[in-house]
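The values are calculated or read from the model by the stated rules, or taken from the named source; none is laboratory data. Computed from a prediction, not measured in an experiment: that's the story for all the values here. Glycine gets a Cβ as well: all are built from the backbone with ideal geometry, and neighbour counts include every protein chain shown.
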Amino acid sequence: MIDRSLWPGLIFVMTKVLFIEAENLTVGFLPAFGGDRTKNLQGYIVSGAISYAIDKINMNSTLLSNYSLNLLWIDNRPPPHGHINYEHVNASVMALTRLWKQGAVVFFGPEDSCNVQATIAAAWNLPMISYKCADYTVSNKKIYKTFARTEPPDTQIVKSVLAVLRHFNWTKFTIVHGEDPPRWLKVSTSLKERAEENNMTVKMTSYKQNSIMPIHMNTFSKIVTETYLNTRIYIFVGDSNDMLSFLHELYYRGLLETGEYMVIFLSYEPYDEDQPLHFLLHSGTKAETINDNQMYLESPRSLLVICSSPVRQNKENENFSNIVNEYLKQPPFNFPAFREKKKKMTLYSYYLYDSVMLYAEALQEVLDEGGRVIDGELIINKTLNKNYQSLLGYSVQMDENGDAGGNYTLLARQHFRSEFCNYSMIPVGIITKEMTLLQHHDIEWSRGKVPLDEPVCGFDAEKCKPEKVWTMEIVGGTLGGLLAVAITVAFIAYRNWRFEQEIAGLLWKVDIKDIGFGSRAMTNSRLSLVSCNSFESRFGGTQVFTQTGRYKGTLIALKRLQFSKKNLDISRQTKMEMKLMRDLRHDNINAFIGACVEPPVVYIISEYCIRGSLPDILENENLKLDSMFVASLVFDLLKGMIYLHQSEFKSHGNLKASNCLVTSRWTLQISDFGLHELRANTQLDIEDYQRYRNLLWKAPELLKGHNIPLRGTQKGDVYAFAIILYEIIGRQGPYGSCSLSPQEIIHRVINPIDGKYFRPCLDALECQDYIKQCIQDCWDERAEMRPEFQQIRGRLSKIRAGMKLNIFDNMMAIMEKYANNLEEIVEERTEQLVEEKKKTEALLHRMLPQSVAAQLMRGQPVAPESFDAVTIYFSDIVGFTSMSAQSTPLQVVSFLNDLYTLFDAIIRSYEVYKVETIGDAYMVVSGLPNRNGDNHAGEIASMALHLLQQIKTFSISHRKNEQLMLRIGLHTGPCVAGVVGQTMPRYCLFGDTVNTASRMESTGEPLKIHCSPDIKAVLDKLGGYILEERGVVKVKGKGDLQTYWLLGKEQGIIEEDIHIMEPPTPLFHLANEDTKFLLPNCNFETRKSIISLRSGSTAKFEDLKCNGMLGIPEFLRHKTGGSSSFDASPNKFRRGSFRRGSVKTEAILEKYRGSGQHIMDSPKSGEQFKVFVSTPKSKNSCADDSVMPLLTPPCRSNRDQSLKNFHVNGKAKRWRSYDEITPNGPGNSVVKSRLNWIPFTPDTRTIDCTEEEPLNHDKKDYLSKSEILHDSESRV
């Protein structure tokens, strides 16, 4: 007989001989040969198991007979202290990669952490089977498809725990777990979840463990205090030393003496019979001390331990330990250091052996099916859900995740004689799917029976309370029940009664006294009035307006139903229908308010839609319906019909265009549905034409049928919708331009000719094909083929693409687009408004004193005010009457304008107020409305001297050789001032002082300043003025007065006071003094044409023609040198700013003689002046400049067509000028006083279109009258 120690060598030799010709398969092995913990030194203990398994496979002729397994291994040293880090993972991956490069087709290992290595193996599609990896993450087969393991994962023990709990009927317990390592928390969480799935009550708490010293009992004191009242069963997940500390804490509190408490400890170490005191003493405690403390032996009576089952000896594994130790000495390991000392086998040796054998069997199945040795996913799939016989001596189930099922043993304290005591924790039960107690090993419970997970009376004795007598409760409950039944019956009866009352008319019935009847033309809708020219009118029908009225302050529509019977009886069904109609609420359903029953008449009351009916909209040719409008109407109709079909009415039955109303918000609402029985009994007096026309929307099957349902049908409503949709798009009535009468149309619809069904013509519709197809499907002859309204809405959804739900939302979206820059525009307009206000105030301040103007602007009345002392200045022109007789009116006006412009510029340097000018008289006052002491006399005196000095050098424009003779009078005295009149109010002065000052002027001499004694006294008081006594003068109303001449000021004073300011631009200016003017035909209407609205709010050149001259306002012209010219070139006109230009008359005549232009004759001079009125059509000129706006560039060949259409089509309000806004025209406004007209001079430049510059379309094409006035005042 051969010694068993020689078996490994014999097997190795026989393998090489028998399979030398077989194909080699390289097996990769990743053991751990180093580490800081004893349990991590598994490489030195288990490695021989893989050699043993490989040799057995190679010797087995039925298992992988065509292959020979070769072993390659690399040390996969575990991380220090068991903590996985990057360096360890990187080294392990490098070792795995090296094995793969050397041809490994399967990997066994690694130990501890394996998720990274399993991911790489899955990427290579090579199988990896681990014998020592408890990482729970690799159980996910969606990621780790080629991974399996023969060591049960940590969570497998949960099944055994639940089996023990079920066996002892424990459903309430508390889990106490350590916080590190994380697997304890994972197991505890898994146990809690699985227990709750089995309707168990679970509590969970944790503790922090000390890795150096065992946890002291006081650490668990808080946990026990918080849990012992509501817990009898504890499950401890953690270190064995910590478990003993927790058990001893319970013992010290006396909880274990009662036998009601049990602790179940989950151990990850297999049972070892060679360590009988393992679960009785802390590690490091001497065994001899166990009998010194009774706690060590008594507390384990309440302890149960669940651990991995030990090896069951059989023929297969009876010599396994020796064989493995012998293989450790053989190649490829060759561990000589351990040849003399045999290593004790751990469970991992058996797991490693099982993993190799499991792989071989799975690979054999794959090969038998024609698979490949490198198809790792298929190989691993063969191991899933498989039972295999483990070398441990029992059967193991591999689950669907590739995890081997555990086989666990239940330990309890039993009599066991050892060297130190008579007790030990020994196996009492085997746990697979359920727990089975071992024979002759009964558990020694503290009280002789299994403890309960909850006391009989409950944790708080709530189950043992004395039974209460429920007599009163029963009586009360009975009475309450009877009362509840009575209330329920009463409520039901009341609700039925109320429902009948509602049906009877308490809700829908309206008293006729509450209705205020109106006329049939009460509508404010322009669209309703347009409908007089509607389809009915064109066919000879009479348009009938809706009867309107008022109900509770709301405008309503009334429909009158006339019956032949005076005793009108409304059926209950009709009343119920009215109630249902009143309850309907939808945006696209016309609200039914009620009915007024006054036999033999019934008024149907509904909300009034101010826009009229749909035909009113469609037949209004002035209303343009774009795609947004059409889409809104169509989808409003669809939404209303969908709601109606889903309501209790189910159908409309009378759908047509006139029953589609439009509200003020342009929302379409459906009306005239329901009450079919009531309408059927109505006495109608209509003509055949109208009767047949009402049938144009009726479906063919309803026209043909004898038993037509009063309510109509849903398919009939779809047919009517198709006719309405055709009507909306075509806008020519329900049958378009068909020339047949309604009676003939109905006949053709009922009786098709040659099988062709008569329908409106779709060829004339301008719409997409899918819309036409939808219309055709909706009016299909076969009712069952017509689509539902829900389907129609889906098919027509394209027409509303990019739009909002209703037209108002679409309008708001458009407004938002235009309002993006509204803030900037408003700011700009506000600045302009402020500027205009300033200019308006400036103009008012020039007309009235500033303080007086301020009171008027505040709306306060200006009370007359008395002044004790003011000084008044009067002046006139000597010989003005004769000068006026010898000059033309325009020359006189021009002369006075130049003179008073000079005066106005001078008086602005003094504290004075110009009262008025009357002809040649000029009146100024100082000392009012702001009092200035005695300075008023000095201000007037200095001003008079200044005026007299300037008048001596003043030149009369049409009499340059004549000296202007100015006569001045001054007087000081009291007066009263106030605003007189409502139209063109004036600030006037009253009192004898005014008359005296006028007398001083009239009795004076030319070019002299005549002063009264009163002003002389004040001037003497002020000092610095030189006066000369004139003598006694007889003054009317005063008698003889001693008067004086004001000669000047003392040396140096006048230079300091007088500040000559540049005069402002006059309101008008003569263009040429040699030009003669004839104005017999140029009346005010002709002049007014410049700013009137004749076409597009603009004035025309031909409006200005007047006997050879064109009259235009001076402020539209600019002076250049000594002459003025009106520059009408296209690039010269701009708002508020015109470029100046001047061309000599002769140059103009030479340039345009013989060019075919129209030449106007001046009746006075007889000369031909070339005036540009019209131009021949050419590429560089305008088509018709004679009708071009005066203030718009005439050459606008590239005028924006969209702007033109904007005005032509009437899509927006036309711009209005000042004349349109002012009811009485310019005659009663300040404009008239400012509009001074001059002729269009012969030296005007002719417009040349070749010099056209780009126009700024952001500005208006013309100026309104208010803008002209603004420009005029800014120049003044």
With respect to A921, is the statement that it is under 23 Å from A944 (Cα atoms) and either surrounded by 19 or more Cβ atoms within 10 Å (Cβ to Cβ) or assigned by TED's automatic domain parsing to the domain that holds T1003 (or both) true? yes
Cβ-Cβ distance below 9 Å, separation of 6 or more or different chains: which pairs start in the range 704-715 with a residue that is in the same structural domain as F649 (by TED's automatic domain parsing) and end on one that is among the polar types (S, T, N, Q) and crowded, with 18+ Cβ neighbours inside 10 Å? P709/S651; R711/S651; G712/S651; G712/N654; T713/S651; Q714/S651; K715/S651
Which residues, taken from the range 713-745, are within 18 Å of Q776 (Cα to Cα) and aliphatic (A, V, I, L, M)? V718, A720, A722, I723, I724, L725, I728, I729, I745
Which of the residues that make up the range 716-769 are among the charged types (D, E, K, R) and part of a loop (DSSP other than H, G, I, E, B)? R731, D754, R759, D763, E766
Looking at A863, A944 in this structure, which one is under 26 Å from T993 (Cα atoms) and either crowded, with 16+ Cβ neighbours inside 10 Å or of a type in the set (F, W, Y) (or both)? A944
I'd like to check something: does the range 1022-1030 contain any residue that is surrounded by 17 or more Cβ atoms within 10 Å (Cβ to Cβ), at pLDDT below 90 and out of contact with any helix residue (DSSP H, G or I) (no Cβ under 8 Å at 6 or more places or on another chain)? yes
Does D354 meet the test of being of a type outside the set (A, V, I, L, M) and touching a Leu at 6+ places or on another chain (Cβ under 9 Å)? yes
Which condition does A905 not pass, out of (1) surrounded by 13 or more Cβ atoms within 10 Å (Cβ to Cβ); (2) more than 30 Å from R959 (Cβ to Cβ), if it passes all the others? (2)
Taking the condition of being in a helix (DSSP H, G or I) and surrounded by fewer than 15 Cβ atoms within 10 Å (Cβ to Cβ), how many residues in the range 675-684 meet it? 2
Residues that are without any contact (Cβ under 8 Å) to a residue 40 or more places away in the chain and either among the β-branched types (V, I, T) or within 17 Å of R679 (Cβ to Cβ) (or both), drawn from the range 555-586: K565, L568, D569
Can you spot a residue in the range 766-774 that is surrounded by 11 or more Cβ atoms within 10 Å (Cβ to Cβ), in contact (Cβ under 8 Å) with a residue 60 or more places away in the chain and in contact with a helix residue (DSSP H, G or I) (Cβ under 8 Å, 6 or more places away or on another chain)? no
Screening G43, G48 for residues that are over 60 Å from the mean Cα position of the chain (by Cα), modelled with pLDDT of 85 or more and surrounded by 24 or more Cβ atoms within 10 Å (Cβ to Cβ) leaves only G48
Is it the case that the range 131-142 has a residue that's in contact with a Phe, Trp or Tyr (Cβ under 8 Å, 6 or more places away or on another chain), surrounded by 23 or more Cβ atoms within 10 Å (Cβ to Cβ) and either farther than 30 Å from V202 by Cα or of a type in the set (F, W, Y) (or both)? yes
Please determine whether any residue of the range 744-762 is modelled with pLDDT of 90 or more, touching a His at 6+ places or on another chain (Cβ under 7 Å) and surrounded by 17 or more Cβ atoms within 10 Å (Cβ to Cβ). no
For the range 561-597, how many residues meet the condition of being assigned to a loop (DSSP other than H, G, I, E, B), under 19 Å from L661 (Cα atoms) and of a type in the set (K, R)? 1
With the checklist (1) at negative phi; (2) not assigned by TED's automatic domain parsing to the domain that holds P1006 in hand, flag the one item M883 doesn't pass. (2)
The condition from (1) out of contact with any Ser or Thr (no Cβ under 9 Å at 6 or more places or on another chain); (2) touching a residue at least 60 places away in the same chain (Cβ under 8 Å); (3) small (G, A, S) that G755 misses is numbered (2)
Exactly one of L280, L250, L328 is touching a helix residue (DSSP H, G or I) at 6+ places or on another chain (Cβ under 7 Å) and assigned to a loop (DSSP other than H, G, I, E, B), and that one is L280
Residues of the range 173-198 being closer than 16 Å to Q156 by Cα, small (G, A, S) and touching a residue at least 40 places away in the same chain (Cβ under 8 Å), in sequence order, are S188
Residue check: is V862 within 60 Å of the chain's Cα centre (by Cα) and not in a helix (DSSP H, G or I)? yes
Among the residues of the range 685-701, is any in contact (Cβ under 8 Å) with a residue 12 or more places away in the chain and in a strand (DSSP E or B)? no
Considering G109, G28, G35, which residue is at pLDDT below 85, within 26 Å of S139 (Cβ to Cβ) and not hydrophobic (A, V, I, L, M, F, W, C)? G35
Any residue at all in the range 541-558 that is at pLDDT below 85, in a helix (DSSP H, G or I) and out of contact with any His (no Cβ under 6 Å at 6 or more places or on another chain)? no
